[in-house]
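For reference, the structure is listed below as C-alpha coordinates.
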Amino acid sequence: QVQLVESGGGLAQAGGSLSLSCAASGSIFMIAYMGWFRQSPGKQRELVASITSGGTTTYANSAKSRFTVSRDNAKNTVTLQMNSLKPEDTAVYYCTAGPKAALYWGQGTQVTVSS
(Lines give C-alpha, C1' and ligand atoms only; values in the text may rest on other atoms or scores of the structure.)
Protein backbone atom coordinates (compact mmCIF):
# COMPACT_ATOMS: atom_id res chain seq x y z
CA GLN A 1 0.00 0.00 0.00
CA VAL A 2 1.01 3.57 -0.68
CA GLN A 3 -0.27 6.59 1.18
CA LEU A 4 -0.30 9.96 -0.54
CA VAL A 5 -0.72 13.26 1.28
CA GLU A 6 -1.22 16.44 -0.71
CA SER A 7 -0.54 20.00 0.36
CA GLY A 8 -0.90 23.35 -1.30
CA GLY A 9 -3.76 24.49 -3.43
CA GLY A 10 -6.27 27.12 -2.42
CA LEU A 11 -7.42 30.29 -4.12
CA ALA A 12 -5.62 32.22 -6.83
CA GLN A 13 -6.47 34.94 -9.28
CA ALA A 14 -6.33 34.36 -13.01
CA GLY A 15 -2.77 34.75 -14.17
CA GLY A 16 -1.42 33.79 -10.78
CA SER A 17 0.49 30.76 -9.56
CA LEU A 18 0.02 27.91 -7.12
CA SER A 19 2.14 24.95 -6.15
CA LEU A 20 0.91 21.53 -5.11
CA SER A 21 3.03 18.99 -3.29
CA CYS A 22 2.46 15.34 -2.53
CA ALA A 23 4.39 13.10 -0.18
CA ALA A 24 4.30 9.32 -0.53
CA SER A 25 4.82 6.77 2.20
CA GLY A 26 4.39 3.05 2.59
CA SER A 27 5.44 0.67 -0.19
CA ILE A 28 7.35 3.35 -2.02
CA PHE A 29 9.13 0.86 -4.24
CA MET A 30 5.81 0.70 -6.09
CA ILE A 31 5.76 4.33 -7.18
CA ALA A 32 7.76 4.49 -10.39
CA TYR A 33 4.86 6.56 -11.71
CA MET A 34 3.61 9.71 -9.96
CA GLY A 35 1.39 12.44 -11.17
CA TRP A 36 -1.58 14.73 -10.84
CA PHE A 37 -5.14 14.41 -12.04
CA ARG A 38 -7.97 16.86 -11.59
CA GLN A 39 -11.73 16.73 -11.54
CA SER A 40 -14.21 19.57 -11.78
CA PRO A 41 -17.95 19.26 -11.13
CA GLY A 42 -19.75 17.29 -13.81
CA LYS A 43 -16.55 16.23 -15.52
CA GLN A 44 -14.45 13.12 -15.52
CA ARG A 45 -11.16 12.98 -13.71
CA GLU A 46 -8.40 13.87 -16.16
CA LEU A 47 -4.65 13.69 -16.27
CA VAL A 48 -2.82 16.97 -15.69
CA ALA A 49 0.79 15.79 -15.62
CA SER A 50 2.81 12.74 -14.72
CA ILE A 51 6.45 11.86 -14.19
CA THR A 52 8.34 8.59 -13.94
CA SER A 53 11.18 7.84 -11.58
CA GLY A 54 13.50 8.35 -14.55
CA GLY A 55 12.14 11.84 -15.13
CA THR A 56 9.97 11.25 -18.19
CA THR A 57 7.06 13.68 -18.09
CA THR A 58 3.66 13.74 -19.73
CA TYR A 59 1.36 16.74 -19.81
CA ALA A 60 -2.21 17.34 -20.80
CA ASN A 61 -2.46 19.84 -23.64
CA SER A 62 -4.13 22.27 -21.26
CA ALA A 63 -1.12 22.12 -18.92
CA LYS A 64 1.72 22.36 -21.42
CA SER A 65 3.81 25.53 -21.13
CA ARG A 66 2.00 26.58 -17.93
CA PHE A 67 2.48 23.71 -15.47
CA THR A 68 5.64 21.90 -14.43
CA VAL A 69 5.73 18.54 -12.69
CA SER A 70 8.81 17.45 -10.79
CA ARG A 71 9.72 14.82 -8.24
CA ASP A 72 12.31 14.15 -5.60
CA ASN A 73 12.96 10.42 -5.57
CA ALA A 74 14.97 10.63 -2.38
CA LYS A 75 12.09 12.29 -0.53
CA ASN A 76 9.31 10.46 -2.41
CA THR A 77 7.57 13.69 -3.28
CA VAL A 78 6.01 15.07 -6.43
CA THR A 79 5.28 18.74 -7.06
CA LEU A 80 3.07 20.52 -9.55
CA GLN A 81 3.97 24.15 -10.18
CA MET A 82 1.06 25.90 -11.85
CA ASN A 83 1.59 29.26 -13.52
CA SER A 84 -0.64 31.51 -15.62
CA LEU A 85 -3.68 29.99 -13.98
CA LYS A 86 -7.05 30.23 -15.67
CA PRO A 87 -10.56 29.95 -14.20
CA GLU A 88 -10.95 26.67 -16.08
CA ASP A 89 -8.14 25.23 -13.97
CA THR A 90 -10.54 25.27 -11.03
CA ALA A 91 -10.90 21.68 -9.82
CA VAL A 92 -10.00 19.21 -7.14
CA TYR A 93 -6.46 18.05 -7.82
CA TYR A 94 -5.47 14.51 -6.92
CA CYS A 95 -2.00 13.13 -6.45
CA THR A 96 -1.54 9.64 -7.80
CA ALA A 97 1.18 7.00 -7.84
CA GLY A 98 1.71 3.45 -8.95
CA PRO A 99 4.11 0.96 -10.53
CA LYS A 100 3.31 2.01 -14.10
CA ALA A 101 0.15 4.10 -13.94
CA ALA A 102 -2.27 5.66 -11.46
CA LEU A 103 -3.10 3.12 -8.79
CA TYR A 104 -3.05 4.94 -5.47
CA TRP A 105 -4.75 8.26 -4.87
CA GLY A 106 -4.52 11.11 -2.41
CA GLN A 107 -7.55 12.71 -0.84
CA GLY A 108 -7.53 15.66 -3.22
CA THR A 109 -6.94 19.36 -2.75
CA GLN A 110 -9.13 22.16 -4.05
CA VAL A 111 -7.75 24.72 -6.48
CA THR A 112 -9.97 27.69 -7.25
CA VAL A 113 -9.02 30.33 -9.79
CA SER A 114 -11.03 33.53 -9.85
CA SER A 115 -11.37 35.73 -12.90
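The values are calculated or read from the model by the stated rules, or taken from the named source; none is laboratory data. Just so you know, these numbers come straight off a predicted model, no measurement behind them. Glycine gets a Cβ as well: all are built from the backbone with ideal geometry, and neighbour counts include every protein chain shown. Only protein heavy atoms, including side chains, enter the accessible area calculation; ligands, DNA and RNA are left aside. Shrake-Rupley method; radii C 1.70, N 1.55, O 1.52, S 1.80 Å.
Counting only lysines at least 8 places from Lys43 when in the same chain, those with an alpha carbon closer than 30 Å to its own are Lys64, Lys86, Lys100.
Rounded to the nearest 0.05, what FRET efficiency do Gln39 and Asn73 give with R0 = 30 Å and r taken as the Cβ-Cβ distance? Could you check? Once rounded, the FRET efficiency stands at 0.65.
Each Lys or Arg adds one and each Asp or Glu subtracts one; over the other residues with Cβ under 10 Å from the Cβ of Gln39, this totals +2.
Of the solvent-accessible surface of the chain, computed with a 1.4 Å probe over protein heavy atoms with every protein chain present, carbon and sulfur atoms account for 51 percent. Computed on region 1-67, with alpha-carbon pairs under 8 angstrom and 6+ residues apart, the relative contact order is 22 percent. The relative contact order of the chain comes to 37 percent, based on Cα pairs under 8 Å that sit 6 or more residues apart. Surface exposure of region 1-94, expressed per residue as accessible area with a 1.4 Å probe, stands at 51 Å².
Of the trypsin sites (Lys or Arg not before Pro) found in region 1-87, those in coil by DSSP whose Cβ has at most 14 other Cβ atoms within 10 Å are Lys43, Lys64, Lys75. Rounded to the nearest angstrom and listed largest first, the equivalent-ellipsoid semi-axes of region 1-41 from its Cα gyration tensor are 26, 11, 9.
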